[in-house]
Amino acid sequence: MLLLGMVGVIWSLAALPSFWRVMPARELSTRILLDDRFKPGGLSRVLAPMEQQPAPFFVPHELARAEALIRLRLAEEAIERASSEDADREVVLTLKSVRSSLSLDPTDSFLWLMLYSVETTRNGFDRNNVSYLDRSYALAPREAWIALRRNKLALAIFPELSDLVQAKVTSEFAGMVDGDFIDDAAMNLKTGGWLHRDRLLASLEQVNVIQRRALAKRLVGDGLKVRVPGVETDERLWR
């Protein structure tokens, strides 16, 4: 009993510093996922102490996830700046952080998606990486905030996906329209989904007619002549 008690005390002392950092990490992760903007250099300053401190004995998933999300944002910003050297370095560090977080919580659908996205950004399309996208859909097939990033990536490689995942992608597209993400759905249809437009549009039959009309109006406004189920597409209706 004494030995067990000693082990418990040692574990608590090792883990306590990490637990004190969990709440700020959780709040930071939420802000990043909500696409909040930060002051220039702000995230780098947050990351610096995490890099300098010795690795704790016990790492809560929230801390590993926060670091992965910070790395993802920094990599995206470096790519937007067209800074190849910074981008390459951030992408390598991002992959390491994302994999580390997934090793602690392999049920994180968003990070599986990001693992696929970052690997593809770094190395181009690789059939072996499609399994990451498959896992994202398997874990969370109906998450609107994930769909806004995931659907366009999936449509870009639609023929490479299994029949099961193709069905989830199509259903996800319909869910975006039903959720009133009209601009995003229209963009996905016009770009990666254009070759599969008949299947995507057919999936809208059970979507609220108000959202179907909104999508049809947007597509007509973009000069596209397609048939949205149950909607009259006479251009005069939208003038």
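The values are calculated or read from the model by the stated rules, or taken from the named source; none is laboratory data. Please read all numbers here as calculations on a predicted model, not as lab measurements. Quick reminder, even Gly has a Cβ in these numbers, built from the backbone with ideal geometry, and neighbours come from all protein chains shown. Protein only, heavy atoms only, side chains kept; ligands, DNA and RNA dropped before computing areas. Shrake-Rupley method; radii C 1.70, N 1.55, O 1.52, S 1.80 Å.
Just how much of residue 232 is accessible, in Å², when a 1.4 Å probe is used and the result is rounded to the nearest 10?
120 Å²
Points 7 angstrom from Cα along the Cβ direction at residue 197 and residue 99: gap in nanometres?
4.1 nm
Contour minus end-to-end for residue 36 and residue 84, with contour as 0.36 nm per residue of separation and end-to-end as the Cα-Cα distance?
14.8 nm
Multiply the residue separation of residue 127 and residue 232 by 0.36 nm, subtract the distance between their alpha-carbon atoms, and state the gained length in nm to one decimal.
Length gained, residue 127 through residue 232: 33.8 nm.
Just in the range 130-171: which trypsin sites (Lys or Arg not before Pro) are loop by DSSP and have at most 12 other Cβ atoms within 10 Å?
Passing sites in the range 130-171 are 142.
Whenever you get a sec, compute what percent of the accessible area on the range 161-202 sits on carbon and sulfur atoms (1.4 Å probe).
On the way: 1030 of 1920 Å².
Ligands and nucleic acids excluded, carbon and sulfur give 54 percent.
So for the pair residue 27, residue 208, with labels modelled 7 Å out along Cα→Cβ, what separation do we get in nm?
Here the modelled spin labels are 3.4 nm apart.
If ligands, DNA and RNA are left out, what is the accessible area of residue 187 with a 1.4 Å probe, given in Å² to the nearest 10?
Here the accessible area works out near 90 Å².
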